[in-house]
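Notes for the one structure printed next.
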Amino acid sequence: MWTERQLATYRRDGFLVQRGVIPPERIEALRAAADAAMAERADNPPEVHVVREKSGPVRSVFCAHRGIGPFRELCRSAPIAGPIKQIFGNDAYVFHSKLNYKESFEGTVWLWHQDYGYWRYDGVDDRMASALVMLGPNTRHNGCVMLIRGSHRWGVLDHYSDEVTTSYKQWCITPAALRERITGEAMIIPIEGDAGDVCFFDCRIVHGSNHNLSPAKRYSLIYAFAAIDNVPAAVENPRPDWVVARQFEPVTADIAKPAPSM
Ligand code: SIN
Ligand code: MN
């Protein structure tokens, strides 16, 4: 459980980093499961969806939380589900999950965006937050996530759809909006850390990450959560269920109800 102060920091900054909250034995199981899922053997559950870089290596493994034990268990565990329940003051379900892998020297960029810049087109409201779990070192050199403190209070900026930079269609903030808002490098916070560290972040915070220019592989696992009653309304071109949930099982069911706050 977070303290009132941690929750207040999260609300002020739009993110909170916690060090060493996932025990090493859990990380070991997750790493083994990640490598097995990335090998795309026949035993991957059917919901799992793998996206590869243009050059070949795996970029993302979506939806591992539904059928792969260690991924399923982690999002229900107290260090993850506890803070999520406090953030929403309510139960939560997994909107989607992705193991975002960056192969050494090959893993590519995620351009600056707000998650809600495109999730809003999935028919949900903005009661959403993510937990990024580091399954190994995340550094400036291997393309750790970078974010802009307080940018969750900027409203939703203009996004455009980029289908050329990487193998994955991404909604990104326009360069004009970026130049207007991100006016100095000091505003950019690299979220560096080690296996077991977790960064919780608001769905409106501006974030992105660089190419992996290092010999170290980057393993980042991101769970995106929505408040339990924030289910996608019907939209014109719904995205598939490996990226927009159609199942709304609460992952917070075993976590104590948070005390009313603020
Ligand atoms: C994301 O914003 O969804 C991914 C960022 C990253 O994995 O670097
Ligand atoms: Mn994102």
For this session: Let me know the shape class of the chain, please: from the alpha-carbon gyration tensor, a ≥ b ≥ c as square roots of the eigenvalues, rounded when a/c is under 1.5, otherwise prolate if a/b is greater than b/c, or oblate.
Result: rounded
For this session: Would you order V109, V50 from fewest to most other beta-carbon atoms within 10 Å of each residue's own beta-carbon?
Result: V109, V50
Exercise. In debye, nearest 20: dipole of region 140-262 around its Cα centre with unit charges on the Cβ of K, R (+) and D, E (-)?
Worked result: 200
Problem set entry | Neighbour-count order for Y223, Y10, Y168, fewest beta carbons within 10 angstrom listed first | Y168, Y10, Y223
Exercise. Over the Cα atoms of region 124-239, how large are the radius of gyration and the largest Cα-Cα distance (Dmax), in Å?
Worked result: 15.4, 44
Seminar exercise, completed: For D158, the net charge from surrounding residues (Cβ-Cβ under 14 Å; K, R +1; D, E -1) works out to +2
Problem set entry | Choice from I189, I173, I80 showing the highest fluctuation, given a GNM over the chain with Cα pairs closer than 10 Å | I189
Problem set entry | Dipole magnitude (debye, nearest 20) for the chain, charges at Cβ of Lys, Arg, Asp, Glu | 360
Seminar exercise, completed: Expressed in nanometres to one decimal, the distance between label points 7 Å along Cα→Cβ at R11 and A29 is 3.4
For this session: Extending each Cα 7 Å along its Cβ direction at R140 and E4, get the distance between those two points in nm, one decimal.
Result: 3.8
Exercise. Excluding same-chain residues fewer than 8 positions from K102, which lysines have a Cα within less than 27 Å of its Cα?
Worked result: K54, K169, K217
Problem set entry | Set of aspartates and glutamates near K257 by C-alpha distance (under 18 Å), chain-local residues within fewer than 8 positions excluded | E4, D91, D229, E249
Problem set entry | Under 14 Å, Cβ to Cβ, from E25 - net charge with Lys/Arg +1 and Asp/Glu -1 | 0
Exercise. Among F62, F201, F105, what is the fewest-to-most ranking by other Cβ atoms within 10 Å?
Worked result: F105, F62, F201
Problem set entry | Net length gained if the chain between S55 and F105 were fully extended (0.36 nm per residue, minus Cα distance) | 16.9 nm
Problem set entry | Local electrostatic count, V61, Cβ distance below 14 Å [Lys/Arg +1, Asp/Glu -1] | +4
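Laboratory data are not the source of any read-out in this text; all were calculated from the coordinates shown. All figures in this text were calculated on a predicted structure; none of them were measured in a lab. FYI the Cβ positions are ideal-geometry reconstructions off the backbone, even for glycines, and counts take in every protein chain you see.
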